[in-house]
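Student: Okay, here's the structure, questions in a sec.
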Amino acid sequence: MATRRILYVTAEDHYLYRAGGGGLELEGKFPGDDLGVSAFREHLLSRPGGLFSVVADLAGEDFHEEQIPFLRGGDRDAIVQRRLAQRYRDTRLATALSLGEAPSAERRNERLLLASFTNTQQLAPWLDALEEADARLAGVYSAPLLAPALATKLGVRGGRALIVTATRAGLRQCYVDQGRLRFARLERTIDMVPQALAMFVRSETHRLAQYLVTLRALPREGAPVQVFVIAPPGQREVFEQALSSDARLVFHTVDYANALQSVGLKKVPEVTRAEALFLHLAATKPPREQFASRQDRRRYLVWQLQRGIVAAGAAGFLACALYGGAKWLEVMDLRDQAAVQQLQARTAAEQYERITAAFPVTQTSSENLKVAVVEFRRIADRSASPERALIHISQVLARFPQMEIDSVNWSVGRAAERGGLRPAANAAPGARPDTAGDVAVIVEVSGRVNATQRTDYRGITAQVESFATALAASGYQLVERKLPFDITSEGTLTGDIGATDTGEAPRFTIVFARSLP
Amino acid sequence: MTLTREELQKLALPLLIAIGFAVVGAGIIYSAGEGLRMAQARLAVAQTERRQNAERLARIAEEEREVSQKLDVYKQLKSLNILGEERRLEWADAINRIRVQRELLDVRYRVERQKLVTSAAGKPANVDFFASTMRVDLQLLHEEDLLRFLADLRASGNAYYAVRKCVLTRTGQAVGGTTMTPRLSAQCDIDLITIIDRAAKG
């Protein structure tokens, strides 16, 4: 942070302080005459281009309340400048402090407190010297302009308050109403003993209060005004004894050391009085309102612009760094994830190698092993043996002793390939053998029907039908049967009635099947 | 506030510094973006590698399980000499032995030339299934002789015996005298199946 120098201007001597690190350091003392200005110029020559503020603590400071139409922007600036020009002959060091909106039924007005110095020539040579030295003038303040900030630091929260301080220039009294400066005066003092000074403070405060009532700045009746008196070092008790509160004024005596602590001032030159509080506030918490013109502050504004540009660049860099940092955190996270994935991949590969090493020893490849077994099982599943069919036929024959088997033709094949395959006449509707298109065990049984008269067509047909039905059980289905007498409409029915009986038994053929998986 | 040329010159250095800050900041963002892109790419590669290895591991575990399950069958095929070249002499020996042991009256057989039934695609070579159809004519006293003959044939090994057809008929010959007269004749077609594994070692 740039070192700021504060020029404290009084009616007699001017003091140049260097502010920084929470303290003030006296850099020079200059008489208020031309010799002092020359010495100041010489002093500035050795320190060109510094950052300066001016705090004036002069008696001739005028305060005048005005009202202007409630405006904003350039219109307000124009009217304020016009009012200042009307009020003051020299407006180089004049300012207008807003006191807020004026209560008016007719139109919205703004209350202004116009302030300036009755004799700006006291300050002009010093400002010129700063201008000549290319100094950056941050602002020209007066002790009263800094009083609201001091009041806030001392704990004043709203309401009406008087801030009373004993500075090098004299007894400074500032009237602050709702945090805004309304009036101030400086009464010159001579060296007094503490009791006398305290009594002087009391009498001057009462006089000021009376004056403010006269100005109607203070109501005649109402709540008492809080008076904060900053007692010089070691004089608090004397001040507290002398400053007795009454219905109009309530005194609060603040020890100088406590006041320094309140404003955050850690180090001050010993010879400095209460003006140190104002100087420190001018360096650290300057108010927006000040007396210097825009032209006088031009270097300072350019300097601020320079700093603003650099600050904007730095802020951009910081934002980029933060964004980049966040991205790099993401990168680190991704790298960690990748490392975990790589580890898992490595582990899986190692496990694969381990399993492969412990694989059962075969004399062929795993793939061939699998296809050989799978295909063999498929062939085995589609193979069969005649045992089951023959056993089945034997069991059925036991129930049909009149049946005599001539031949059994057992085969594995497609049932559909047997010509004219169709469901048996007495097969259940829709019970088409599922062997039709698939591989099946097909059994063709040919035989004769004994112990029945050949002329008993119905009996023979019924026995063969019954035999066929018995064979079409236990997983077998009837595919075809050829009766001794063709009774279907498609066949040819023959007979030889009256002829000699040859004794030959009627023959039949039954085909049944069982599907293989 | 209108700035003069001199004042504008005073702003040049701060502007340069600000631009420098911005350039360095942009560089940081660019490098972070590049780093992020590379890290994402590396992660993608690692994820792919991990997934592939995991899938391969899952497959090999499954393969191991399957191989273990099928290995016994394969070994049995090998021990029964179903797996390997045809052994026609062994077949002939087996039929003679069965005929003697079962005291069959008459056994005639004829084995046709070998033919390829199917060729299953394997790795690194195919597995071929061959069949040689054998026609057997048997003279039987009882149908159970046929069943015993088939059972003994299966037990003899050297091939997988898939019976395709068997025709059992009465001979119609009268029983009498001291010689045993066959009552039944059977004619069977049997596929003698062998397997050639082209990838088998030894």
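The values are calculated or read from the model by the stated rules, or taken from the named source; none is laboratory data. This structure is a prediction, so every number in the text was calculated from the model and none was measured. Glycine gets a Cβ as well: all are built from the backbone with ideal geometry, and neighbour counts include every protein chain shown. Side chains included, ligands, DNA and RNA excluded: accessible areas come from the protein's heavy atoms. Shrake-Rupley method; radii C 1.70, N 1.55, O 1.52, S 1.80 Å.
Student: Chains A and B: buried accessible surface, both sides, probe 1.4 Å, rounded to 100 Å²? Show your work: numbers first, answer last.
Tutor: Working: alone 29140 and 15020 Å², together 37530 Å².
The contact between B and A buries close to 6600 Å².
Student: Counting only DSSP beta bridges with both residues in the protein assembly as shown, tell me the antiparallel percent, nearest 5.
Tutor: Numbers: 111 of 136 bridges.
The antiparallel fraction comes to roughly 80 percent.
Student: Let me ask another. List the residues of the stretch A:284-319 whose accessible area drops by at least 40 Å² when all protein chains are present, compared with their chain alone, using a 1.4 Å probe and counting only protein heavy atoms.
Tutor: Residues of the stretch A:284-319 that lose at least 40 Å² of accessible area once the other chains are added: A:Arg298, A:Val302, A:Leu305, A:Gln306, A:Ile309, A:Val310, A:Phe317.
Student: Let me ask something additional. Using only Cα atoms, locate the centre of the stretch A:73-104 and the centre of the stretch A:301-353, then give the distance between them in Å, rounded to an integer.
Tutor: The stretch A:73-104 and the stretch A:301-353 have Cα centres spaced 54 Å from each other.
Student: Between A:Asp13 and A:Met192, what length comes free when the chain is fully extended (0.36 nm per residue of separation minus the Cα-Cα distance, one decimal in nm)?
Tutor: Values: separation 179, 0.36 × 179 = 64.44 nm, distance 1.97 nm.
Computed gain between A:Asp13 and A:Met192 is 62.5 nm.
Student: Give me the distance between the Cα centres of the stretch B:18-64 and the stretch A:141-201, rounded to whole Å.
Tutor: A separation of 69 Å, based on Cα centres.
Student: Continuing with the same structure: Residues with beta-carbon under 10 Å from that of A:Val271, excluding A:Val271: net charge, scoring Lys, Arg +1 and Asp, Glu -1?
Tutor: Working: positive: A:Lys29, A:Arg168, A:Arg273; negative: A:Glu270.
Local net charge: +2.
Student: Can I ask one more? Relative to the longest principal axis of chain A, what angle (0 to 90°, nearest 10) does the C-alpha long axis of helix A:387-399 take?
Tutor: Orientation of helix A:387-399: about 60 degrees from the principal axis.
Student: Please report the carbon-and-sulfur percent of the accessible area for the stretch B:1-155; probe 1.4 Å, protein heavy atoms only, DNA, RNA and ligands left out.
Tutor: 52
Student: Treating only the Cβ atoms of Lys and Arg (+1) and Asp and Glu (-1) as charged, compute the dipole magnitude of chain A about its Cα centre; round to the nearest 20 debye. Could you put the intermediate results ahead of the total?
Tutor: Details: 63 positive and 58 negative charges, 323 e Å.
That gives chain A a dipole magnitude of about 1560 debye.
Student: Next question, about the same structure. Given the peptides A:288-301, B:67-80, arrange them by the average over their residues of other C-beta atoms within 10 Å, most packed first.
Tutor: Working: A:288-301: 17.5, B:67-80: 15.7.
Highest to lowest by the protection proxy: A:288-301, B:67-80.
Student: Normalising by the residue count of the stretch B:141-202, find the relative contact order in percent from Cα pairs under 8 Å and 6+ residues apart. Write down the numbers at each step before the final one.
Tutor: Values: 68 pairs, mean separation 23.5, N = 62.
RCO, the stretch B:141-202: 38 percent.
Student: Give me the angle, in degrees from 0 to 90, between the Cα long axis of helix B:5-79 and the longest principal axis of the Cα atoms of chain B, rounded to the nearest 10.
Tutor: Tilt of helix B:5-79: around 10 degrees.
Student: Roughly how big is the stretch A:214-357's charge dipole about its Cα centre, with Cβ charges of +1 (Lys, Arg) and -1 (Asp, Glu), in debye to the nearest 20?
Tutor: Numbers: 18 positive and 14 negative charges, 148 e Å.
That gives a dipole near 720 debye.
Student: To continue, here is another question. How crowded by other chains is B:3-15, given as the mean number of beta carbons from other chains within 10 Å of each beta carbon? Please list the in-between numbers first.
Tutor: On the way: counts 4, 2, 0, 1, 6, 1, 0, 5, 5, 2, 3, 10, 5.
Going residue by residue through B:3-15 and averaging, the value is 3.
Student: Taking the Cα centre of the stretch A:1-51 as the origin and placing charges on Cβ (Lys, Arg +1; Asp, Glu -1), which of A:Leu26, A:Thr10, A:Pro48 is farthest toward the positive end of the dipole?
Tutor: A:Pro48
Student: How much net charge surrounds A:Thr167 when only the other residues with a Cβ under 9 Å from the Cβ of A:Thr167 are counted, with Lys and Arg +1 and Asp and Glu -1?
Tutor: Working: positive: A:Arg168, A:Arg172, A:Arg273; negative: A:Asp57, A:Glu275.
After counting each charged neighbour, the total is +1.
Student: Further, regarding this structure: For chain B, what relative contact order do you get, as a whole percent, if you take Cα pairs closer than 8 Å and at least 6 residues apart? Intermediate values should be presented prior to the final figure.
Tutor: Values: 246 pairs, mean separation 42.5, N = 202.
Here the relative contact order equals 21 percent.
Student: For A:334-345, what's the mean count of beta carbons from other chains sitting within 10 Å of each residue's beta carbon? All intermediate terms of the calculation are to be shown ahead of the outcome.
Tutor: Working: counts 10, 6, 2, 6, 10, 3, 3, 10, 7, 2, 7, 10.
Averaged over the peptide's residues, the number is 6.
Student: Counting only protein heavy atoms and using a 1.4 Å probe, what share of the accessible area of chain A belongs to carbon plus sulfur, as a whole percent? Walk me through the numbers on the way to the answer.
Tutor: Working: 12750 of 25770 Å².
Of all accessible area on chain A, carbon and sulfur atoms account for 49 percent.
Student: If contacts are Cα pairs under 8 angstrom and at least 6 residues apart, what is the relative contact order of the stretch A:210-342 in percent? Don't jump to the answer; show the numbers that get you there.
Tutor: Working: 68 pairs, mean separation 20.5, N = 133.
Dividing the mean separation by the residue count of the stretch A:210-342 yields 15 percent.
Student: Based on the mean of other beta carbon atoms within 10 Å per residue, what is the order of A:72-79, A:226-233, B:7-14, B:193-200, most packed first?
Tutor: Working: A:72-79: 11.4, A:226-233: 22.0, B:7-14: 13.9, B:193-200: 20.2.
The packing order, highest mean first, is A:226-233, B:193-200, B:7-14, A:72-79.
Student: Here's a follow-up. Less than 20 Å from a label point 7 Å out along the Cα-to-Cβ axis of B:Ala41: which backbone N atoms in the stretch A:304-344 qualify, by residue?
Tutor: Backbone N within reach: A:327-342.
Student: Which pairs break 22 Å Cα to Cα here: B:Lys123/B:Lys201; B:Lys78/B:Lys123; B:Lys70/B:Lys165; B:Lys70/B:Lys115?
Tutor: On the way: B:Lys123/B:Lys201 13 Å; B:Lys78/B:Lys123 19 Å; B:Lys70/B:Lys165 30 Å; B:Lys70/B:Lys115 26 Å.
Among B:Lys123/B:Lys201; B:Lys78/B:Lys123; B:Lys70/B:Lys165; B:Lys70/B:Lys115, the Cα-Cα distance tops 22 Å for B:Lys70/B:Lys165; B:Lys70/B:Lys115.
Student: Which of B:Tyr160, B:Ala121, B:Ser185 sits closest to the plus end of the dipole of chain B, meaning its Cα is farthest towards the positive end, when Lys and Arg get +1 and Asp and Glu get -1 on the C-beta?
Tutor: B:Ser185
Student: Another question, if that's okay. What does the structure give for B:62-75 when I average, per residue, the other chain Cβ atoms found within 10 Å of the residue Cβ? Mind showing how you got there, number by number?
Tutor: Values: counts 0, 7, 6, 0, 5, 9, 2, 2, 11, 7, 2, 7, 9, 4.
Mean shielding count: 5.
Student: Can you give the accessible area per residue of the protein assembly as shown, in Å², using a 1.4 Å probe?
Tutor: Accessible area per residue: 52 Å².
Student: Looking at the square roots a ≥ b ≥ c of the eigenvalues of the Cα gyration tensor of the stretch A:76-189, which shape do they give, rounded for a/c under 1.5, prolate if a/b is larger than b/c, or oblate?
Tutor: Numbers: a/c = 1.98, a/b = 1.13, b/c = 1.75.
Oblate.
Student: Tell me the angle of helix A:298-357 to the major Cα principal axis of chain A, expressed in degrees between 0 and 90 and rounded to the nearest ten.
Tutor: Value to nearest ten degrees: 20.
Student: Between A:Ala451, A:Cys320, A:Met192, whose Cα lies farthest towards the positive end of the dipole of chain A when Lys and Arg beta carbons carry +1 and Asp and Glu beta carbons carry -1, centred on the Cα centre?
Tutor: Positive-most Cα among the choices belongs to A:Met192.
Student: Show me the trypsin sites (Lys or Arg not before Pro) within the stretch A:179-240 that DSSP assigns to loop and that have at most 13 other Cβ atoms within 10 Å of their Cβ.
Tutor: Values: sites: A:Arg180, A:Arg182, A:Arg185, A:Arg188, A:Arg202, A:Arg207, A:Arg216, A:Arg220, A:Arg236; in loops: A:Arg188, A:Arg216, A:Arg220.
Here the sparse-neighbourhood loop sites are A:Arg188, A:Arg216, A:Arg220.
Student: What does the charge dipole of chain B about its Cα centre add up to, to the nearest 20 debye, if the Cβ of each Lys and Arg holds +1 and the Cβ of each Asp and Glu holds -1? Intermediate results must be reported in sequence, preceding the final value.
Tutor: Values: 31 positive and 26 negative charges, 41 e Å.
About 200 debye.
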